[in-house]
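The values are calculated or read from the model by the stated rules, or taken from the named source; none is laboratory data. Everything numeric in this text was worked out from a predicted model, so none of it was measured. Positions of Cβ are generated from backbone atoms using ideal geometry, with glycine treated the same way; all protein chains shown enter the neighbour counts. All accessible areas refer to the heavy atoms of the entire protein, side chains included, with ligands and DNA or RNA removed. Shrake-Rupley method; radii C 1.70, N 1.55, O 1.52, S 1.80 Å.
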Amino acid sequence: MPVLSVIVPFHNVGKYLGPCLDSLAAQRFRDFEVICVDDGSRDDGAAVVAAKAAADGRIRLIQQANLGVGRARNAGVREASGRYLAFVDGDDMVPRAAFQRLVTSLESTGSDLACGNVMRLHRNLLVPSWAHKEAFAEPATRTHITRHRLLIRDRMLWNKVYRRSFWDALGLSFPDRMYEDQPVAIAAHVGAGAVDVLHKVVYHWRQRDEPGASITQRRLEPDNLRDRLLSVLETAALLDARARRLRPEFDRDTLEIDMAVAVEALAGLGADADDALVDLVVRYLDSVRPDVLPRVPYALRLLVHLLHQRRLDEVAQVFAQARDGLLHPPVGSAGLLRKRWYGRHPALPGHLSEVSEELSPTARLVELEWRGGVLRGAGRVGVGRFDVSELDRVRVSVWLEERRTGDRMPLSVESASPTWENVELPDGGCVPEHAFPFRFSFDPAALTPERIARLGHWDLRVGLKGPGLRLEGKVRGDRRLPPAAPPPRRRAGVWLVPALAFRGAWGLRLRRAGALVRHCEVDGGDLVFSGELADPGDGEPVVRLVRRSDGEEMYFPATLAGREFHARVPLAGIDESVGEESWWEVVVDQGRAIRTLVRTQERQPVRVEGRSFLVDRSDDGCLLLLER
């Protein structure tokens, strides 16, 4: 009898089954069986499993008609003989140490289930799962969802190992529909006597490329939405009966995730929406405590309120406005000693209108350049997508703030009134924006010798101050839009680098340079650049491309004549992008990494063999290659 039974249901995921089963076969923990349940696949999935089973006696195949993943999982559980249970979807993968960590934890603590952190897998790129990041930030043993309430977000089956005796005692089984895992996962959390929480990653959850291939990609289909809503209602009823204190946390997440999907789906269906679907939404919203909805972001709050009242025509209208950036409710204040702020919309009652905690500055640059040795800029700052006419005039402050020390260099303070302006979007469209204009100038003479010596990173920040209003935040931007970062300037042997950071924040970086790039262009599909090394050292340098997301490296030759180097990188030869975009930093390697400093200003977008690249500068001035 194996210690662990792993159930793998699959349906038309033959292209992923091989890597999935390989990841199971490679587990450090060896004493397990793998029960693969073919839910009526029409591809070669069964043949893939049969081949793997022939090579590994721990793997076996069960076949059934296409009855749904819930019945497939139930069939696997019936066949399982291990002391512990685990579930893996056929298109996902499991890190080598996962089962060892989970089973060892249960053996040590005696808990009923152990769960661990999750990464999203897109092609060969791994990124943290937003649904699990906070819940698994810190490890814990013999805890419980009522004490570790962030576990309410842990609604999936597959990042866990369950004690089989606990599973049977609780009478857990899967309903015959999609989204069958949520009520079972939450029932296990609530019914457990103790739960172990592992910070380590134990599951790689794949994001598939094929359109419409997964349940999530088909989320707007009526049948899909119906099953989602039924699972929400079942989970809510379970919490009401056995863990009422968890309902507010569950409802907050459900409103922002499941109800957002319901709004989008029903807005698209319009008059064709099935009354039964709307009934399910209303039935759930009727059970939500009145104090939960006001904590949801304003636009979604408005849409959910309209949907709760069955005003589907207005749902479609407001959804289109929000999607297109045209929803701009006036924001105003009330109160004397403690002002509170409200977003006004005729469809939203006053008790649902407060946005005091939601207001934050949204600032962007429209100009940035060196003039007369001074860095001069202009921008606009609003408070999100609101009409701020009632604010009339406010004081706008701009400053540079050093990340490490908090040291501030004031750049400007002025009184401003809001104006409307169309904002260009990266895809070429425009949306209106109501915001306060600002201007500033930075004189490098403000950098004292102490500040220069620190070689710090300074963020560009902006603040709004008016009656009852105190807001501040970073000035942000998009690399695909103006303005371009001006070239670096030198002061007291240190380079001042105006730059846009990877996450979109403008700032000023002080640094020294081991390699200056004086010329950079795209020639015949190749990135060609040349410059000077501060110390030519010994031997020929090479160019090293480092992908920021996962540390992947590529090497290309370079030539050196004295201090002058020259390099050519064929763009078509660079590894394909993973995820939505890939960031490659270009360094010169001469036995040590020499970070480049780009003195040219031009950003060069280019297409090579159907791929789109942008040649740019990173947040410390290093040569950057971005593929989207």
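Some notes on this structure:
- Integer Hz, Karplus 6.51/-1.76/1.60 couplings in order for segment 100-114, x for Gly and Pro: 4, 5, 5, 5, 4, 4, 5, 5, 7, 9, x, 5, 7, 8, 10
- Efficiency of FRET from Cβ geometry, R404 and A169, R₀ 56 Å, rounded to 0.05: 0.55
- Under the combined filter of DSSP loop state and at most 15 neighbouring Cβ atoms within 10 Å, segment 545-586 retains these trypsin sites (Lys or Arg not before Pro): R548, R563.
- Phi-based couplings in Hz for segment 609-622 (Karplus 6.51, -1.76, 1.60; Gly and Pro marked x): 6, x, 9, 10, 10, 10, 8, 8, 10, 6, 6, 10, x, 6
- For V383, the residues whose modelled amide H falls within less than 5 Å of its own, excluding neighbours fewer than 5 places apart on the same chain, are T362.
- Nearest-0.05 FRET efficiency for L336 and A51, computed from C-beta distance (R0 56 Å): 0.15
- For T141, residues with placed amide H under 5 Å, excluding near neighbours: V197
- Selection of trypsin sites (Lys or Arg not before Pro), segment 1-65, meeting DSSP coil and at most 14 other Cβ within 10 Å: R28, R30, R42
- Per atom type, segment 415-479 shows carbon and sulfur on 52% of its accessible surface, probed at 1.4 Å.
- Accessible surface for segment 200-329, divided over its residues, is 44 Å² per residue with a 1.4 Å probe.
- Segment 569-628 versus segment 128-158: alpha-carbon centroid distance in Å: 37 Å
- Using distinct alpha-carbon pairs, which all enter the 1/r mean, Kirkwood radius of segment 90-164 in Å: 13.3 Å
- Answer label for Cα Rg over 2.2 N^0.38 Å (calculated), chosen among (1) 1.39; (2) 1.07; (3) 1.11: (3)
- Remark on R206: its backbone amide H falls under 5 Å from those of M93, L121, a criterion applied only to residues 5 or more positions apart or on other chains, H modelled at 1.01 Å from N.
- Inter-part distance where segment 219-270 and segment 52-81 are each reduced to a Cα centre, Å: 30 Å
- Cα shape, segment 482-543, gyration tensor, a/c 1.5 rule: oblate
- Taking Cβ atoms as reference points and 15 Å as the exclusive limit, the residues near G379 contribute a net charge of -2, counting Lys and Arg as +1 and Asp and Glu as -1.
- Contact order normalised by residue count of the chain, Cα under 8 Å, 6+ apart, percent: 8 percent
- Rel. contact order, % - alpha carbon contacts under 8 angstrom, at least six apart, segment 1-103: 45 percent
- Annotation for segment 535-599: GluC sites (Glu not before Pro) lying in DSSP loop with at most 12 further Cβ atoms inside 10 Å of their Cβ are E576, E580.
- Placing one equal scatterer on every Cα of segment 337-481 and applying the Debye formula, the log10 ratio I(q)/I(0) at q = 0.10, 0.19, 0.20 Å⁻¹ is -0.41, -1.20, -1.28.
- Label-point separation in nm, T448 to E581, each point 7 Å along Cα→Cβ: 3.7 nm
- The chain, helix-only ellipticity at 222 nm - DSSP H runs n ≥ 4, -39,500 (n - 2.57), divided by all residues, nearest 500: -7500 deg cm²/dmol
- Order of exposure, largest accessible area first, which applies to H11, H199 with probe 1.4 Å: H199, H11
- Taking N as its residue count, the alpha carbon Rg of segment 3-118 over 2.2 N^0.38 Å: 1.02
- The string of couplings for segment 362-376 from the Karplus curve (6.51, -1.76, 1.60, θ = phi - 60°) is 10, 10, 9, 8, 10, 9, 6, 6, 7, 9, x, x, 10, 7, 10 Hz, one whole number per residue in order, with x for Gly and Pro.
- Once C-alpha pairs closer than 8 Å and six or more residues apart are averaged by separation and normalised to the residue number of segment 164-273, the relative contact order reads 29 percent.
- Per residue value of the accessible surface for segment 483-628 (all protein chains in place, 1.4 Å probe), Å²: 42 Å²
- Surface share of carbon and sulfur [accessible, 1.4 angstrom probe, percent] for segment 158-272: 49 percent
- Rounded if a/c under 1.5, otherwise prolate or oblate - segment 216-339, Cα gyration tensor axes: oblate
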